Amino acid sequence: MAGVLTLTACAKDSGDDSAASGGGESGGECVTAAAPPRAEAGSEKREGEAADVDASDLKVALAYDVGGRGDASFNDAAAAGVDKAVEDMGVSDTTESTAAGTESEDAKQQRLTQMAEQGFNPIIAVGFAYADALNVVAPKFPDTQFAIVDDDSVDQPNVTPLVFTEEQGSFLTGVAAVYKSENCHVGFVGGVNTPLIQKFEAGFVQGAQAVSDKVTIEVDYLTPAGDISGFNDPGKGNVVAEAQIDKGADVLYHAAGASGKGVFEAAKSNDALAIGVDSDQYEQKTVADVKDVIMTSMLKRVDVAVYDFIRAVAEDDLDSLPERFDLAADAVGYSTSGGMVDDIADVLDAYKQQIVDGEIEVSATPSN
């Protein structure tokens, strides 16, 4: 377990010590920066654009990261993208397999190889842990299209990276956390201490500090880099979350996969609030017993990326995919289920617009 890092924002000259407009009672004295101007109504969000695409010739395989379907997070989002492709585009056949927390590289290579040998095409590897395996397997099957979520290091002509600006969506959760914190004390729980999960931390901290020069932020990781069990250990997530709450944090944001259920349970037991990740976790059945503490979730639309990849393969047009799925494309954002952030939606959307317009640049790496 990584040690606790407590961050206190540096003072900013905001020119206005009043709470940001539009927040109602939320935020209180913790909010020390004025909100940006209200965002103008934008264009409608893009939904499935593949209603007329025929993918009936495709056999799609999903190689899950640890946790698999049912993790109420990252893997479930990927599964939703495939499920929608089956419904909308008539994908003929699908298969899926889940990585074990301690499995070897050989096991990952074997999983991908078996899928390719069985004629599945495309094959989607869900998670950066598959990068080394793909570098070995993809060249052996040049006629098979592969994609990998959350990694752009695999330099193979038949491998498509599906990567996101997680830091942008996490910035908005940092803003929301401060507005909803009564103690002016919030926390971040990361699953595994990797550059990817540090992007969630970086955005969350920057967002919190953008609206408050008083906030205290707890930062913990469940496991160090190389130990991916941090994504599938709700018990450890609970212990770390309890420790943060004991220190005063009353809003916790997790980027810890299936371990997030433990964070939610700790929040529920201690009258705290929590922020989910990847999927709209308020709506996830596997955490339904604790959904009343999930005030919002940072939406990382893995489902959109997977769906769009399948569409692009069906149309033989992989160049149509963006280099990175970002806030401007509504591929990251925040959820509103449960109504707990309705009173600050104008504030969140104003910050979102500033990021989209380039007026706020969100760092992908933590400042400390």
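The values are calculated or read from the model by the stated rules, or taken from the named source; none is laboratory data. In this text the structure is predicted, and so the values were computed from the model without any measurement. Cβ coordinates were reconstructed from backbone atoms using ideal geometry, including for glycine residues, and neighbour counts include every protein chain displayed. For the accessible areas, the whole protein counts, side chains as well, though only heavy atoms, and no ligand, DNA or RNA atoms are used. Shrake-Rupley method; radii C 1.70, N 1.55, O 1.52, S 1.80 Å.
In contact (Cβ under 8 Å) with a residue 40 or more places away in the chain, open to solvent by 10 Å² or more (accessible area, probe 1.4 Å) and assigned to a helix (DSSP H, G or I) - does that describe any residue in the range 316-338?
yes
Yes or no, residue by residue, for (1) at negative phi; (2) open to solvent by less than 30 Å² (accessible area, probe 1.4 Å); (3) part of a loop (DSSP other than H, G, I, E, B):
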| residue | (1), (2), (3) |
| --- | --- |
| Met295 | yes, yes, no |
| Asp303 | yes, no, no |
| Arg311 | yes, yes, no |
| Ile344 | yes, yes, no |
| Ala350 | yes, yes, no |
| Gln353 | yes, no, no |
| Glu359 | yes, no, yes |
| Asn368 | yes, no, yes |
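Would you tally the residues in the range 104-157 being in a helix (DSSP H, G or I) and among the β-branched types (Val, Ile, Thr)?
Result for the range 104-157: 3.
Among the residues in the range 20-33, are any of a type in the set (S, T, N, Q), more than 26 Å from Ile275 (Cα to Cα) and at pLDDT below 50?
Scanning the range 20-33, I find no residue that is of a type in the set (S, T, N, Q), more than 26 Å from Ile275 (Cα to Cα) and at pLDDT below 50, so the answer is no.
Being of a type in the set (Ser, Thr, Tyr), more than 28 Å from Asp330 (Cβ to Cβ) and out of contact with any strand residue (DSSP E or B) (no Cβ under 6 Å at 6 or more places or on another chain) is the requirement here; does Ser279 meet it?
no
Conditions: (1) modelled with pLDDT under 95; (2) in a helix (DSSP H, G or I); (3) not β-branched (Val, Ile, Thr). Gly226 meets all but one. Number of the miss?
(2)
Give me the residue from the range 276-290 that is small (Gly, Ala, Ser) and crowded, with 22+ Cβ neighbours inside 10 Å and, out of that set, modelled with the lowest pLDDT.
Ser279
Would you say Gln198 is at pLDDT 95 or above, part of a helix (DSSP H, G or I) and surrounded by fewer than 24 Cβ atoms within 10 Å (Cβ to Cβ)?
yes
For Gly235, state whether it is open to solvent by 10 Å² or more (accessible area, probe 1.4 Å), part of a loop (DSSP other than H, G, I, E, B) and of a type in the set (Gly, Ala, Ser).
So Gly235 fails the test.
Filter the range 115-159 down to residues that are within 23 Å of Ile228 (Cα to Cα) and not hydrophobic (A, V, I, L, M, F, W, C), then give me how many there are.
Residues in the range 115-159 being within 23 Å of Ile228 (Cα to Cα) and not hydrophobic (A, V, I, L, M, F, W, C): 8 in total.
Can you tell me which residue is nearest to Ser367 (Cα to Cα) among those in the range 158-191 that are in a strand (DSSP E or B) and free of Cβ contacts under 8 Å to residues at least 60 places away in the same chain?
Pro161
How many of the residues in the range 77-92 are without any contact (Cβ under 8 Å) to a residue 40 or more places away in the chain and not in a helix (DSSP H, G or I)?
Counting residues in the range 77-92 that are without any contact (Cβ under 8 Å) to a residue 40 or more places away in the chain and not in a helix (DSSP H, G or I) gives 2.
Does any residue of the range 115-126 turn out to be among the polar types (S, T, N, Q) and farther than 25 Å from Ile197 by Cβ?
yes
Could we say that Gly203 is open to solvent by less than 20 Å² (accessible area, probe 1.4 Å), in contact (Cβ under 8 Å) with a residue 12 or more places away in the chain and outside any strand (DSSP E or B) here?
Against the criterion (open to solvent by less than 20 Å² (accessible area, probe 1.4 Å), in contact (Cβ under 8 Å) with a residue 12 or more places away in the chain and outside any strand (DSSP E or B)), Gly203 qualifies.
Has the range 75-83 got any residue that is surrounded by 17 or more Cβ atoms within 10 Å (Cβ to Cβ), over 13 Å from Ala125 (Cα atoms) and more than 21 Å from the chain's Cα centre (by Cα)?
Within the range 75-83, none of the residues are surrounded by 17 or more Cβ atoms within 10 Å (Cβ to Cβ), over 13 Å from Ala125 (Cα atoms) and more than 21 Å from the chain's Cα centre (by Cα).
I'm checking my understanding of the structure. Among residues of the range 256-293 that are outside any helix (DSSP H, G or I) and β-branched (Val, Ile, Thr), which one is nearest to the chain's Cα centre (by Cα)?
If we take residues in the range 256-293 being outside any helix (DSSP H, G or I) and β-branched (Val, Ile, Thr), then Val277 is nearest to the chain's Cα centre (by Cα).
Output the number of the condition that Gly230 fails; it satisfies all remaining conditions of (1) touching a residue at least 40 places away in the same chain (Cβ under 8 Å); (2) surrounded by fewer than 24 Cβ atoms within 10 Å (Cβ to Cβ); (3) more than 30 Å from Asn121 (Cα to Cα).
(2)
In the set Thr98, Thr160, which member is under 20 Å from the mean Cα position of the chain (by Cα), modelled with pLDDT of 95 or more and open to solvent by 10 Å² or more (accessible area, probe 1.4 Å)?
Unique residue meeting the criteria: Thr160.
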